[in-house]
Structure formats: structure tokens, C-alpha cells
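Trainee: Here you go, one structure.
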Amino acid sequence: MNKFGINLPKAYRRLEQLYDETVELASEDDIIADVGTDHGYLAVMLAKNHVGLKIIATDISEPSLKKAESLARSQNAQLECRVGDGLAPANEATLACICGIGGNEIIKILEDSKFCGKLILQPVPTEKDLRNYLLKAGYFIKKDYVILDEGKFYFVFVVDGKKHKNHYSKKDKMFGKTNLKHITPDFQEYLKNQINKLKFLENFDITSLSKESKKDIKQKQQYLKMCKKLLKRG
Ligand SMILES: C[S@@+](CC[C@H](N)C(=O)[O-])C[C@H]1O[C@@H](n2cnc3c(N)ncnc32)[C@H](O)[C@@H]1O
């Protein structure tokens with residue numbers, strides 16, 4: 001059990017983080033859609049603790065949505081559950097949470113809906129593709145960072161519509177802007193993980209490789225160096 005009085009799964013720090021970010025980003029008149037709600041944890045946490053806010057839970061799968069309906073009922077939470085693809089069943093939403101879904105699927109949902117409102121996004125994985133898309137499409141990324149929960153890394157994006165301009169350096173695009181501003185213990189763990197994955201490239205002999213492979217290895221070696229430098233800085 002936790003502060004929400006709901007039996008959450010093992011990796012619930014991620015859900016709590018998504019909840020906190022949603023509450024911080026939302027204003028009283030927002031209509032929130034939890035797209036791809038599945039079990040409905042995030043939507044029910046919001047509906048239970050923020051009575052008055054309109055919360056819509058959607059999922060492309062009817063059996064998944066049934067889980068959300070049942071959780072809402074057991075928690076006495078006011079939740080509207082709608083079946084459908086992406087944001088189509090909740091086109092009145094002004095804040096959308098799209099979490100636990102592949103980055104490229106999230107891109108497709110945003111493209112199809114032409115959504116310009118606030119967003120809480122947590123892709124699994126392909127966070128780089130999603131970041132590049134958000135920047136290209138003109139969304140303002142307020143926060144962009146990694147968290148560690150039960151041995152897994154999750155990138156979180158907090159987006160405030162398309163109101164402001166982004167100032168992202170090449171390095172921000174590589175690591176996530178908020179991670180570079182505040183080097184958290186979770187980001188340090190992420191860097192260690194990246195270093196472990198790539199350390200075999202440190203003294204890699206590239207002489208017999210094609211031009212393309214050489215370029216790719218050199219880029220990864222450069223990235224490895226940056227990871228080490230950032231880890232020292234933290
Ligand atoms: C791994 S669960 C994530 C559940 C929850 N959002 C979370 O973060 O814990 C992914 C859910 O997204 C749903 N889903 C996948 N693609 C979708 C789409 N295009 N539109 C709506 N739901 C989708 C799936 O049916 C599944 O229930």
C-alpha cells in the first residue's frame with residue numbers, strides 16, 4: 001500500500017513520479033486524458049486525489065480498459081473510460097498523459113491527433129526519437145529526465161504545449177536537458193549503465209572496418225567519453 005491507498009505494482013516509483021508531474025503541470029480547468037491507461041493506476045490516482053478535475057482513461061484494448069473500470073469502481077473514483085486509438089476518444093483533452101508506450105507509437109498518436117496541449121510522456125524506449133520529434137514539431141519541453149525504478153530506466157518528458165521556444169544543445173539532445181542541469185543519483189546510475197554497455201569500445205581496433213562502421217564506433221567512443229566526464233562532474 002502507498003500514499004494513494006491503491007495496491008500499486010512493484011515499480012510504482014515511476015507511477016508516483018508521473019502522478020506528481022501531472023499534478024504540477026495541471027491547472028483546475030484542464031481535462032486530463034490518460035491514453036493507454038491499461039490497469040488505470042495513474043488515472044485512478046488522479047481521480048481519487050483530485051476530485052473535480054475531469055479525468056478520461058482511454059485504451060485501444062477493451063480488456064485493458066475493463067481493468068481500469070474495475071479499479072475505479074473499487075476505489076470509488078470518478079473516471080470516464082473510453083475505448084479507442086490514441087487521443088481520438090478524448091479529443092476534448094487539454095492535458096494528455098501517454099506513458100508506458102513506445103516512443104514511435106507516441107509520435108504517431110501526436111501526429112494523428114495534431115494535439116497542441118500539455119503532455120506527460122514516458123516512452124519505452126526510443127526516447128531519442130521522441131525528443132527529436134517534439135523539438136522538430138515545436139513542442140516546449142519543460143523537463144526531460146531519467147528515473148530509475150526497480151532496476152529499469154524510464155525517461156520522463158513534461159511538455160507545456162507549443163507556447164515557448166526550446167533551446168536545446170547537441171548535448172541536451174543526447175542526454176536530456178534536465179539531466180544535465182541537475183545531475184541526480186538516477187542519472188548517475190544511467191551514466192554508469194551506459195559506460196558499462198560501451199566500455200568494450202574503449203580500445204576497439206577499427207583499422208579493418210568499413211568507413212561507415214568506423215564513423216559509428218568513433219561516435220560511440222565520443223559518447224562514452226562524455227558519459228565518463230559527466231559522471232565525474234556529478
Ligand atoms: C504497458 S501499458 C502502459 C500502461 C500505463 N499507461 C502505464 O504507464 O503503466 C500500454 C497500454 O497502452 C495501450 N495502447 C497501446 N497503443 C495504444 C494506442 N495507440 N492508443 C491507445 N492505447 C494504446 C495498450 O493496449 C496497453 O494497455
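What follows draws every value from the coordinates through simple rules; no lab data is involved. Every value quoted in this text rests on a predicted model; they were computed, and no experiment measured them. Counting neighbours? That spans all protein chains shown, and the Cβs are built from the backbone with ideal geometry, glycine included.
Trainee: Which percent of Cα pairs goes in each bin when the distances of the range 190-233 are cut into 10 angstrom slices starting at zero?
Mentor: 29, 49, 19, 2
Trainee: Next up: Show me the trypsin sites (Lys or Arg not before Pro) within the range 80-127 that DSSP assigns to loop and that have at most 14 other Cβ atoms within 10 Å of their Cβ.
Mentor: Here the sparse-neighbourhood loop sites are K114.
Trainee: Place the peptides 204-215, 66-77, 44-55 in order of packing, highest mean first, counting for every residue the other Cβ atoms within 10 Å and averaging per peptide.
Mentor: Numbers: 204-215: 9.8, 66-77: 16.5, 44-55: 20.1.
Final packing ranking: 44-55, 66-77, 204-215.
Trainee: Then there is this: Using only the alpha-carbon atoms, what does the chain span along each of its principal axes? Please give whole angstrom values in decreasing order.
Mentor: For the chain, the Cα extents along the three principal axes come out at 64, 38, 32 Å.
Trainee: Report relative contact order for the chain in percent, whole number only (criteria: Cα-Cα under 8 Å, sequence separation at least 6). Show your work: numbers first, answer last.
Mentor: Details: 389 pairs, mean separation 32.7, N = 234.
It rounds to 14 percent for the chain.
Trainee: Farthest toward the dipole's positive end in the range 12-168, which of V23, V44, I60, given Cβ charges of +1 (Lys, Arg) and -1 (Asp, Glu) about the Cα centre?
Mentor: Sorting the options by dipole projection puts first V23.
Trainee: Moving on to the next point. Please state the charge dipole magnitude for the chain, taken about the Cα centre, from unit charges on C-beta atoms (+1 on K and R, -1 on D and E), reported in debye and rounded to the nearest 20.
Mentor: 1540
Trainee: Could I ask something else about it? Sum up the charges of everything whose Cβ sits under 13 Å from the Cβ of S213, counting Lys and Arg as +1 and Asp and Glu as -1, but leave S213 out.
Mentor: Within the 13 Å Cβ shell, the charges total +2.
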